[in-house]
Amino acid sequence: MGSLPGVTIPSELRSLAREFNLGGVILFARNIEAPEQVAELSHDLQSLSTDTPLWVSVDQEGGRVARLRSPFTEWPPMATLGRSGDTTLATRFATALAAELRAVGVSLDYAPVLDIHTNPKNPVIGDRALAEDAKMVGVLGSAIITALQENGIAACGKHFPGHGDTSTDSHDELPIVEHPPDRIRRVEFVPFRSAIQANVAFMMTAHVLIPSLDEEKPATLSPRIVRALLREELGYDGVILSDDLEMEALAKSYSPAESAVEAIAAGCDGVLVCRARVEDRTRDIEVQVEVLEALVHAVEDGRIPFKRVEDALRRQRLAKERFLRDARETSNPSRRRTPLAAVLGCDSHRRVADEMARFL
């Protein structure tokens, strides 16, 4: 899953897409000027693939993690839903959110956060988490997943196996989670099990080190965690996606290309290469090419078994058939039936946001 340096598609990305089978693109604030521009960009991105449509994805959780700002609805953080304990409100929120994403051609939302807010000193999760109670996170998370996906948006539960009880930010360094396996199964796994039962399309891995599960490798790069726990023990057969490979939790020890090879070998079906915290945009596409070339070479020399690639492609195809069947047509602004102004930040959506805000 690649990224763009600006608000239009550079020629280098078009060349990359012709040479490699790009799975999709993630949008950040640097890619967004106005709703019409996002809609046009989403439609233009679909021209990069002549085979299956691309994912156009975004982090749109609400609160401080929201790439699409006004005139899109400004959603309060998901913690407000946990304080409300109201699954109907969670469903209304996700239904409205899906309508706004779909209106501008976005097909995948990296939400909901399924981490449990068990550490008040956590600098990166906090009010992004739905609640402090594992069962409540599972119930509300499942309601959000179901509503997003029933309204055409693939949901992504994150960050497996749990980033809630950390005191450091994986954007800056590698957090260490000291819980024993029985505690992780009893607490952290609860929302992820619920999400699997809700048929969540994607799961995102966490860049955290859990010595009781794997003393050496962060979760994203660990076959013991990705394959043995998420895939085999929990029985998840959807798409497993890494968090951004350029976060410092990994980048201090691995290049993006090295992380990509290890993540896919560990059981991830795709990787995020976001270039989110770099100021130099000139290497955006170059880094993505390096990652793709490293993956090709790793398959050729046997570090990544070909069966691993076949399984990943199968899961991606199934997810795309489920959510992207009409992506090229529905993302075409010229075929829009309802003006964007009638959807984005509309009265009914603002009422939902106002109800959530009562629990700030």
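Within the range 1-58, list the GluC sites (Glu not before Pro) lying in a DSSP loop whose Cβ has at most 14 other Cβ atoms in a 10 Å radius. Intermediate values should be presented prior to the final figure.
Working: sites: Glu12, Glu19, Glu33, Glu36, Glu40; in loops: Glu33.
Passing sites in the range 1-58 are Glu33.
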Which residue fluctuates the most in the chain, going by a Gaussian network model with Cα springs under 10 Å, if the choices are Phe72, Phe306, Phe202?
Phe306
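How much net charge surrounds Ala198 when only other residues with a Cβ under 15 Å from its Cβ are counted (Lys, Arg +1; Asp, Glu -1)?
Values: positive: Lys135, Lys158, Arg193, Arg322; negative: Asp109, Glu150, Asp237.
Counting the neighbours of Ala198, the net charge comes to +1.
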Arrange His297, His171, His159 by Cβ neighbour counts within 10 Å, fewest through most, would you?
His297, His171, His159
Shape call for the range 232-354, from the Cα gyration tensor axes a ≥ b ≥ c (a/c under 1.5 means rounded, otherwise prolate when a/b beats b/c, else oblate), comes out prolate
Select from the range 153-253 those trypsin sites (Lys or Arg not before Pro) which occupy a DSSP coil region and have at most 10 other Cβ atoms within 10 Å, ordered by residue number.
Lys252
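Fewest first, what order do Asp243, Asp301 take by the number of other Cβ atoms within 10 Å? Intermediate results must be reported in sequence, preceding the final value.
Working: Asp243 28, Asp301 8.
Result, fewest neighbours first: Asp301, Asp243.
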List the pair-distance distribution P(r) of the range 1-133, using every Cα-Cα distance, as the percent of pairs falling in each 5 Å bin from 0 up to the bin containing the longest distance, rounded to whole percents.
2, 10, 19, 20, 15, 13, 10, 7, 3, 1
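Among Tyr110, Tyr236, which comes first, second and so on when ranked by fewest other beta-carbon atoms within 10 Å? Each step should come with its number before you reach the end.
Working: Tyr110 25, Tyr236 20.
Ordered by Cβ neighbours within 10 Å, fewest first: Tyr236, Tyr110.
Report relative contact order for the range 2-344 in percent, whole number only (criteria: Cα-Cα under 8 Å, sequence separation at least 6).
On the way: 671 pairs, mean separation 58.5, N = 343.
About 17 percent, as a whole number.
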When we measure straight from the Cα of Lys252, which aspartates and glutamates land under 14 angstrom away, once same-chain ones fewer than 8 places off are left out?
Asp169, Asp172, Glu173, Asp244
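I'd like the antiparallel share, as a percent to the nearest 5, of DSSP beta bridges with both residues in the chain. Kindly include the intermediate steps, with their values, before the conclusion.
Details: 2 of 23 bridges.
In the chain, approximately 10 percent of DSSP beta bridges are antiparallel ones.
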Between Gly105, Gly152, Gly63, find the one with the highest GNM mean-square fluctuation for the chain; connect C-alpha pairs within less than 10 Å.
Gly63
Tell me the mean residue ellipticity at 222 nm calculated for the chain from its helices only (DSSP H runs of n ≥ 4, each -39500 (n - 2.57), averaged over every residue, nearest 500).
-11500 deg cm²/dmol
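Work through the residues other than Asn122 whose Cβ is under 9 Å from its Cβ and net out their charges, Lys, Arg +1 and Asp, Glu -1. Please list the in-between numbers first.
On the way: positive: Lys121; negative: Asp115, Asp165, Asp169.
Here the charged neighbours net out to -2.
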Most fluctuating of Leu54, Leu101, Leu16 in the GNM of the chain (C-alpha, under 10 Å) is Leu16
Counting every C-alpha pair in the range 2-344, the percent lying more than 31 Å apart is 27
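None of the figures in this text is laboratory data; all of them are computed from the coordinates on show. Note that the structure is predicted; figures quoted are calculated from it, not measured. Glycine gets a Cβ as well: all are built from the backbone with ideal geometry, and neighbour counts include every protein chain shown.
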